[in-house]
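Everything on this sheet refers to the single structure shown next.
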Amino acid sequence: MMDPTVFENPLREGLRLERAAEPCVTVIFGASGDLTKRKLVPALYSLATQNLLGGGFSVVGTGRTPMNHEAFRTAMRDAVNRYSDATPPDNAHWESFASGLFYTPTDTQKPESYNNLINLLVQVDRERGTAGNRLFYISTPPTLYSDIIRLLGTTGLNRAPDGGWTRIIIEKPFGEDLRSARALNREVLQVFTEDQVYRIDHYLGKETVQNIMVLRFANGIFEPIWNRRYVDHIQITAAESLGVEDRGGYYDHAGAFRDMIENHLLQVLAHVAMEPVATMEARAVRDEKTKVIRAIRPIMPEEVSQFAVRGQYGEGLAGGEPVKGYRQEKNVNPKSNTETYAAVKFLIDNWRWAEVPFYLRSGKRLPKRVIEVAIQFRRAPHLLFKHATSGPLEPNALILRIQPDEGISLNFSAKMPGQAINIRAVRMDFQYGTSFGKRPPEAYERLLLDAMLGDSTLFARGDTVEVAWELTTPILEAWTQRASNFPNYEAGGWGPKEADEFIERDGRRWRRP
């Protein structure tokens, strides 16, 4: 007889059912920072309005900025009013949520400074019934990660009291190269176990990224052609129309490749290219993603110019207005060689994807803001219709739009109305907003709730992070050793001409979204 407990836990069977988290405290280090205001607290408020947070749910903000509970609540209401996509808070909803907002100043590098945090957590557990369940969120500059993690261990905050649970969310970047990523993993695992650690990549919380697996594995028409026999190549694009804005200090150290390709776009690639899983359980999904990244052909230092290209924007036009070049931006070195555009070609050495190139590109000050995955299929034999078009037939393409206007498009050829056979490319379109009549949840909503539920499916595992850095560090090292001719593209263009030449060598061209 089948064990009746088999279907009790939806996460055990990989069924990502919508359910409320149990009562807990979310502790945000760096609570006076931009991420807390723009994303974290608005996401938590939205979850609260959907009744997805347990009774007594609380937030404890901490940081070096002096502030009391009321000042923190006022600042967070302003943040929700300004940044939340949900309905503006009414007094009743807000007062209920705000009653669980607390703040205590903490010097994250001094052990004695954690005493007030410990005392406040004990008080919140007692008064709000959060049962010792704690989710720590590190939303600070990466230079503070090691100190915070070490002192959470020293003060005993890495262990849950009274039978509760303790988990920690770590924001990217997870290191800046292979050596630092390994060091950070060692430091984290000296204090926490791997199943307590949630390395967050907000791209994986976006609806279209999550929908990649549904598209592939819940539809019989796609998976049979999702391979080298039918796919010519795949392009993954993250284009931004803005410059570095106020992030010059961080960005001038990181660059486009570290900031976007090494983590976000490589994780999207893994979802697109992974093998089917037997279950949607977290370990199975993350195993397959890691296998794909491991299977990507290493790029040797002497091959970098064949497989990767970089650029930096100069002065130009954005939205019809003149804008300055990267080297004139605030907090940027006027002689900076940091790339604001990067493109790379990866080849996956496995049976499914042998010799199918994956082109990843990301850049700032491009013509528009768009994030998409384009699966371009091989051209069909079309000699029968050689007189029906002015040029070669456009190949079929499946476009997964991650931002904005999340949805999926299929491009194919169709006959135009009339007596003659004239063929034109047309598009079949699906949009989340029009099809389902409601906005998709923000990525941080999904990921914060998953962490509270203990579902790590959409979070990066330590070995996956290291495998990604093994692949990408040689590219970064080669670039630091070679002179660059920057700036090499105008703001408002689609990147440097070297990027066009890079893909045209393969007989292909970049999509213009």
**OP:** Look at the range 477-496 and say how many of its residues are more than 17 Å from residue 177 (Cβ to Cβ) and modelled with pLDDT of 90 or more.
**Re:** 12
Subject >> Considering residues of the range 145-184 that are among the acidic types (Asp, Glu) and more than 20 Å from the chain's Cα centre (by Cα) only, the residue farthest from residue 63 (Cα to Cα) >> reply: 162
Original post:
Which condition number in (1) surrounded by fewer than 18 Cβ atoms within 10 Å (Cβ to Cβ); (2) not in a loop (DSSP other than H, G, I, E, B) is the one that residue 235 fails?
Top reply: (1)
**OP:** Evaluate the range 92-104: report whether one residue or more is touching a residue at least 60 places away in the same chain (Cβ under 8 Å) and either more than 24 Å from residue 451 (Cα to Cα) or among the aromatic types (Phe, Trp, Tyr) (or both).
**Re:** yes
**OP:** For residue 279, indicate whether it is touching a residue at least 60 places away in the same chain (Cβ under 8 Å) and not in a helix (DSSP H, G or I).
**Re:** yes
Subject >> helices (runs of 4 or more DSSP H) (entirely within the range 129-225) containing at least 2 residues that are out of contact with any strand residue (DSSP E or B) (no Cβ under 8 Å at 6 or more places or on another chain) and not assigned by TED's automatic domain parsing to the domain that holds residue 268 >> reply: 145-154, 178-191
Original post:
Which of the strands (runs of 3 or more DSSP E) contained wholly in the range 284-394 include at least 1 residues that are modelled with pLDDT under 95 and either out of contact with any strand residue (DSSP E or B) (no Cβ under 9 Å at 6 or more places or on another chain) or at positive phi (or both)?
Top reply: 316-318, 321-323
Original post:
Inside the range 477-495, can you point out the residues that are more than 25 Å from the chain's Cα centre (by Cα) and in a loop (DSSP other than H, G, I, E, B)?
Top reply: 481, 482, 483, 484, 485, 486, 487, 488
**OP:** Would you tally the residues in the range 498-510 being in a helix (DSSP H, G or I) and either surrounded by 13 or more Cβ atoms within 10 Å (Cβ to Cβ) or touching a helix residue (DSSP H, G or I) at 6+ places or on another chain (Cβ under 8 Å) (or both)?
**Re:** 5
Original post:
Say we look at the range 326-373 and pick out the residues that are of a type in the set (S, T, N, Q) and surrounded by fewer than 21 Cβ atoms within 10 Å (Cβ to Cβ); which of these is nearest to residue 497 (Cα to Cα)?
Top reply: 337
**OP:** Determine which single condition residue 123 fails, assuming it passes every other condition in (1) under 20 Å from residue 448 (Cα atoms); (2) free of Cβ contacts under 8 Å to residues at least 24 places away in the same chain.
**Re:** (1)
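The values are calculated or read from the model by the stated rules, or taken from the named source; none is laboratory data. In this text, all values refer to a predicted model and were calculated from it rather than measured experimentally. In this analysis, Cβ positions are derived from the backbone assuming ideal geometry, glycine residues included, and neighbour counts consider all displayed protein chains.
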